1. Which residues' amide hydrogens lie under 5 Å from the amide hydrogen of CYS155, considering only partners 5 or more residues apart or on another chain, with H built in the peptide plane?
2. Could you work out which residue, out of ILE78, ILE106, ILE29, moves most in a Gaussian network model of the chain, that is, has the largest mean-square fluctuation with Cα springs under 10 Å?
3. Which ³J(HN,Hα) values, rounded to whole Hz and listed in residue order, are derived for region 18-29 from phi using the Karplus coefficients 6.51, -1.76 and 1.60 in 6.51 cos²θ - 1.76 cosθ + 1.60 with θ = phi - 60°, glycine and proline given as x?
4. Taking the Cβ of THR64 as the center, what net charge do the other residues with Cβ under 11 Å away carry, scoring Lys and Arg +1 and Asp and Glu -1?
5. Taking the dipole about the Cα centre of region 89-200, with the C-beta of Lys and Arg at +1 and of Asp and Glu at -1, give me whichever of THR199, GLY152, LEU115 is farthest to the positive side.
6. Gaussian network model of the chain, Cα springs within a sub-10 Å range: biggest mean-square fluctuation belongs to which of ARG186, ARG48, ARG113?
7. With no solvent and one equal point scatterer placed on each C-alpha of region 1-43, evaluate the Debye formula and give log10 I(q)/I(0) for q = 0.23 Å⁻¹, two decimals.
8. Taking the Cβ-Cβ separation of ARG120 and LEU43 as r and a Förster radius of 22 Å, what is the calculated FRET efficiency to the nearest 0.05?
Amino acid sequence: MIRLYSYWRSSAAHRVRIALNLKGLDYEIVPVHLLEQGGRQHLPDYVRLNPQHLVPTLVHDDFTLGQSLAILQYLEAIAPEPPLVPREPRAAARMWQICHLIACDIHPLNNLRVLQYLEREFAVDPRARWYAHWIALGFEALEALLAQEAQGEFCCGDAPTLADVCLVPQVASAQRVALDLTPYPRIAAVDARCGRLETFRRAAPAAQPDAQP
């Protein structure tokens, strides 16, 4: 039994939902509202599951795991088919470079707790300019990386990998702040191809049980 503690607009939780769908694994969504009651991720019962006060958290039988990249690696280990990591070492390393570019460089700067700290301590609303700045900086580098490779249909070839699993939620975040994707045609093309797959559509924020207008 797999339970995923998730918030509909969380990019990190979005990644895990896509991977679970691509792997064909059955799972239950347990919504954790990040704003209600001061953030339900701070409630004692949840903190016992995830001491970082973050989503996602994956519970598989008696095993509990946080951090989306760690969860993605775990899913690849327990359900190796279809593979989401290239077999060839250099291709795998390039894929992980893209994953880390997104999950470790772009996303943390735009995490909810960072935005809330900026608002609380500096009395500014950073959500549009701040958010868009860091995504654009990362997308410039990613667009260049994709141009260097024989891209195929997706980030790392002709089948989705964990690079696409990380990219699509980041594009969704960019669209929320109306970032112009015109300078990033390769990124936009990969996102569009992923958007035609049911596995990606079912993981989208608007398709989640806790989605709000």
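1. Answer set, sorted by chain and number: THR161, ASP164.
2. Per the Cα network of the chain with a 10 Å cutoff, ILE78 tops the list.
3. With the stated coefficients, region 18-29 comes to 4, 4, 4, 5, 4, 7, x, 8, 7, 8, 10, 8 Hz.
4. Details: positive: ARG3, ARG48; negative: ASP61, ASP62.
Result for the local shell: 0.
5. It is LEU115, whose Cα lies furthest towards the positive end.
6. Largest GNM mean-square fluctuation: ARG48.
7. The Cα Debye sum returns log10 ratios of -0.77.
8. Numbers: r = 20 Å, r/R0 = 0.91.
Here the calculated transfer efficiency is 0.65.
Bear in mind that the values in this text are calculations on the coordinates, not laboratory data. This is a predicted model, so every value here is computed, not measured. Cβ coordinates were reconstructed from backbone atoms using ideal geometry, including for glycine residues, and neighbour counts include every protein chain displayed.
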